[in-house]
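Undergrad: Before I ask anything, here is the structure I am working with.
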Amino acid sequence: MRAFPDASLTGLRIPGDGKGVPCLRRARGKRAGAESGAAGTPQAYTGAMETASVLAVCRVHQLLDDPGSVGVTAIDKRPVDGPVKVHKLGLRGDIQASRIHHGGEDQALYAYSQGDADYWAGELDRDMPAGIFGENLRITGLNASNAVIGERWKVGLDVEVEVTSPRIPCATFQRRMGEPHWVQRFTEAGRVGTYLRVVRTGSIEAGDHIHRLFVPAHGVTIAKWFTDPTLEDMEALRDADADGQIRLQPEYHQRFEQLQRRLGV
């Protein structure tokens with residue numbers, strides 16, 4: 001899987017005490033303005049329930065020739081009609097050309113919000129049909145980029161998914177979009193969407209409702225982690241993982257170690 005972006009590109013900030021001293025630890029399992037339940041016991045989401053739904057379910061239409069190292073790309077996703085089976089590795093009938101950087105249980109599905117697609121339609125003065133970003137789910141009523149890492153959604157009658165990590169733009173994505181400096185623009189906008197882990201399999205289709213089942217108390221969102229990670233964010237994620245509130249994929253722990261070495265802490 002693709003590594004997270006370097007801190008020099010995402011504006012890492014170090015919270016301190018005003019004297020240049022990093023604040024490394026907080027009260028375990030706590031974050032400002034939020035409380036967690038007992039360690040290892042996820043608390044059901046009790047906040048406002050948005051009216052969210054799936055606008056389109058997309059899977060690979062055809063493999064396209066690509067000058068990259070793999071030679072082909074499966075980024076050409078397009079909407080399909082009717083229910084589609086969802087298994088632990090994603091949609092039935094979908095594939096990833098590069099299994100090193102894409103796919104696996106922690107990147108089983110990729111969700112992108114209509115609001116973010118509309119933003120790019122305005123910026124680029126062109127239509128942004130479902131699947132253009134390589135997404136499996138085009139959704140509305142819920143901002144995928146602002147989802148809290150580890151939150152869970154119920155999609156349709158039986159599928160349950162967990163928010164895992166931001167989408168990291170690559171050269172293949174830039175070639176797909178045909179826009180100069182696309183990787184830089186996509187990164188700077190922070191409208192990255194989210195990868196999802198499949199917790200419970202089933203079937204989904206366009207029109208299915210999406211309900212939040214659980215939102216972790218740590219409060220670190222996909223967009224925040226991607227665009228402006230702080231040491232406090234990292235500590236909050238690590239604490240939530242240790243307490244059993246969420247399950248971070250290995251790349252997060254590797255990233256923590258890299259940043260600690262870089263900061264000398």
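Read the figures in this text as sums done on the coordinates, not as results from a lab. Source: prediction; values computed, not measured. Note that each Cβ is placed from the backbone with ideal geometry, even for glycine, and that neighbours are counted across all protein chains shown.
Undergrad: Please state, to two decimals, what the Cα-based radius of gyration of the stretch 52-214 comes to when divided by 2.2 N^0.38 Å (N = residues).
TA: Working: Rg = 14.6 Å, N = 163, 2.2 N^0.38 = 15.2 Å.
Taking the Cα Rg and dividing by 2.2 N^0.38 Å, one obtains 0.96.
Undergrad: Principal axes first, then extents: for the Cα atoms of the stretch 96-184, list largest minus smallest coordinate on each axis, whole Å, largest first.
TA: 39, 32, 20
Undergrad: Could you calculate the contour length gain from residue 105 to residue 257, that is, 0.36 nm times the residue separation minus the distance between their Cα atoms, to one decimal place in nm? Each step should come with its number before you reach the end.
TA: Numbers: separation 152, 0.36 × 152 = 54.72 nm, distance 2.29 nm.
Computed gain between residue 105 and residue 257 is 52.4 nm.
Undergrad: Kindly put 153, 225 in sequence by how many other C-beta atoms sit within 10 Å of each C-beta, fewest to most.
TA: On the way: 153 26, 225 23.
Exposure proxy ranking, most exposed first: 225, 153.
Undergrad: Here's something else I'd like to know. Can you give me the pair-distance distribution of the stretch 141-229, C-alpha pairs, 10 Å bins, whole percents?
TA: It works out to 17, 40, 30, 12, 0, in whole percents.
Undergrad: At a 10 Å Cβ-Cβ cut-off, how would you order 198, 80, fewest neighbours first? Write down the numbers at each step before the final one.
TA: Working: 198 21, 80 18.
Least crowded to most crowded, the residues run 80, 198.
Undergrad: What is the local net charge at residue 126, summed over the other residues whose Cβ is closer than 14 Å to its Cβ (Lys, Arg +1; Asp, Glu -1)? Intermediate values should be presented prior to the final figure.
TA: Working: positive: 176, 185; negative: 118, 123, 125, 127, 179.
Here the charged neighbours net out to -3.
Undergrad: Counting other C-beta atoms within 10 Å, and keeping those with at most 16, which DSSP coil trypsin sites (Lys or Arg not before Pro) do you find in the stretch 192-265? Don't jump to the answer; show the numbers that get you there.
TA: Values: sites: 197, 200, 212, 224, 238, 247, 255, 261, 262; in loops: 247.
Answer in residue order: 247.
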